[in-house]
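Since the structure comes first, as structure tokens, the remarks are kept for the end.
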Amino acid sequence: TLGTQTDYRDGEAQTDPCSPEYVVPSGSVPELLTLATLTWGRGLPAGLVEVEMIERAREKRAWEATLPAMDNASQITKRRKMMEDMERKEWAFREQEIEKLQEVRLEVLKKMLRRREENQNELNAKRLDDHWRNHQKVKEEKIKKIKHDCALMLRKLIAKGNNVMGKLERRDIITEYTDFASRTYAPLSRTGYFPDNRSERYVVKNLYLNTFAGLCELEASLPDSVTQVKIEAPKPKYTTTKTGFIKRSAKLEMELAQVHQ
């Protein structure tokens, strides 16, 4: 009625199949010894290729049993012819195997070439994107410079249009100080004025805040109610029990008051 479960699957606890030692009786050639070269993971469990190899080995042993004995010249000639035919068949079979192997290698080579072409296309696309991005950056910088030069020329044309005759005008101090948008109140940075250079002028400097003696004098001038705060614990608005819970009657009164509001 009980069961257990481990952290490992059954496949991790399995090992290769056992291959015990064997003894061959004298005078017998078991067919199983022809598969001694096959091991687990290398031919075992047997697939279609291994089955075809076993069938060819059986056919070859059956053919060897049909070879004539070398008793006379005619039997020797017949045996030689049969062996030549078998050798021709084996060579044809080897050629087929080589062709299959070449086809498999060709498919692998095609896949590698296709993968390399895809990687090369991706690399080319990335290079084109980088090239296009650099061109866009140069283009934006040129457009920015053109706009800046355009604004500069427009200001020059406006200034020249305000004084077409080229007459020298004196400074009107009253007009400058009455107009809060003039250079007096809002000078331009391009004329050489930078308001951040003298920002320390606007810093508040107070004796009571910058020196210890000023802080002591400021603290002495404060009333006791500022430095010595007295806090009274708030009284509960509703009747509570010893454990701190609100009574049911008080809760009902609170709900009635909320409804009334």
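A short reminder: the numbers here are calculations on the coordinates, not readings from a lab. Model, not experiment: these values are computed from the prediction. Reconstructed Cβ throughout: ideal geometry from the backbone, glycine too, with neighbour counts over all protein chains shown.
Couple of notes before you dig in:
- Per residue, the average separation of C-alpha pairs within less than 8 Å and at least 6 apart gives the chain a relative contact order of 3 percent.
- Taking the inverse of the mean 1/r over every pair of distinct Cα atoms in segment 66-156 gives a Kirkwood hydrodynamic radius of 20.8 Å.
- Selection from 218, 91, 184, by position along the positive dipole direction of the chain (Cβ): 184
- Potential lengthening between residue 111 and residue 248 on full extension [0.36 nm per residue; Cα-Cα distance subtracted]: 41.1 nm
- Taking chymotrypsin sites (Phe, Trp or Tyr not before Pro) as exposed when DSSP calls them loop and at most 14 other C-beta atoms lie within 10 angstrom, the chain has its longest site-free stretch at 23-179.
- Checking every one of the GluC sites (Glu not before Pro) in segment 157-222 against DSSP loop status and a limit of 16 other Cβ atoms within 10 Å picks out 169.
- On the beta carbon distance between residue 118 and residue 35, with R0 = 51 Å, the FRET formula returns roughly 0.75.
- Furthest towards positive pole of dipole, 70, 128, 35, structure part segment 1-160, Cβ charges: 128
- Estimated FRET transfer efficiency when R0 is 30 angstrom, pair residue 101-residue 58 (beta carbons, to 0.05): 0.80
- Cα-based radius of gyration of segment 1-129 once divided by 2.2 N^0.38 Å, which approximates compact folds: 1.88
- For the chain, built as a Gaussian network whose Cα springs stay under 10 Å, the top-fluctuating residue of 232, 55, 140: 232
- Helix-derived mean residue ellipticity, 222 nm - over the chain, DSSP H n ≥ 4, -39500 (n - 2.57), to 500: -19500 deg cm²/dmol
- Centroid-to-centroid, using Cα positions, segment 87-164 and segment 247-261 are 77 Å apart.
- Gyration tensor (Cα) of segment 180-241, equivalent ellipsoid semi-axes in angstrom: 51, 23, 9
- Charge dipole (Cα centre; +1 on Lys/Arg Cβ, -1 on Asp/Glu Cβ; no other charges) of the chain amounts to roughly 2120 debye.
- Compactness index (Cα Rg / 2.2 N^0.38 Å), the chain: 2.89
- Placing unit charges on the Cβ atoms of the charged side chains and taking the dipole of the chain about its Cα centre, the candidate lying farthest along the positive direction among 245, 175, 151 is 175.
- Along the chain, the longest continuous region that contains none of the trypsin sites (Lys or Arg not before Pro) in a DSSP loop with at most 14 other C-beta atoms within 10 Å is 10-166.
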